[in-house]
């Protein structure tokens, strides 16, 4: 994993994104934010499980489905299964040591 500050690559309203094997972040201070880094590490694991490109295809498709479902971009983003898993477990610093494969599937159920 490589932490890279690339503030112009990060969309407005976001602090960072994971693109295997990189974690791109808007602010240098986020390198020391353990919760932020753990959240992005969870995304890196998700990307590896799905062989990277399929992850991004599924991510965008699920976002579009959630956008139709919620009619709200912020709600759609927060309810993508990959994001739900990452937000739910970002403070558990042992999570990736014990995480089962394809764990994000537990978060895909439509609300």
- Note on the structure: What helix-only [θ] at 222 nm does the chain give? Using -39500 (n - 2.57) per DSSP H run of at least 4, over all residues, to the nearest 500, the answer is -14500 deg cm²/dmol
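When the convex hull of the C-alpha atoms of the stretch 2-107 is computed, what volume per residue in Å³ does it have?
Numbers: hull volume 10.4 nm³, N = 106.
Convex hull of Cα atoms, per residue: 98 Å³.
Using mean Cβ contacts within 10 Å as the protection proxy, how do 55-64, 4-13 order, highest first? Please list the in-between numbers first.
Details: 55-64: 14.7, 4-13: 10.7.
Result, highest mean Cβ count within 10 Å first: 55-64, 4-13.
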- Task: Mark the label point 7 Å from the Cα of residue 74 along Cα→Cβ and return the residues of the stretch 1-42 whose backbone N is within less than 18 Å of it.
- Result: 11-16
- Message: Using alpha carbons only, how many angstrom separate the centre of the stretch 3-34 from the centre of the stretch 36-111?
- Response: 17
- Sequence-separation-based contact order of the chain, relative, with Cα cut under 8 Å and 6+ spacing, percent: 20
- Take every DSSP beta bridge whose two residues both sit in the chain, then give the antiparallel share in percent to the nearest 5. 50
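Values quoted throughout were computed directly from the atomic coordinates according to the rules given, and no laboratory measurement underlies them. None of the values given here were measured: they were computed from a predicted structure. Cβ atoms come from the backbone with ideal geometry, glycine included; neighbour counts cover every protein chain shown.
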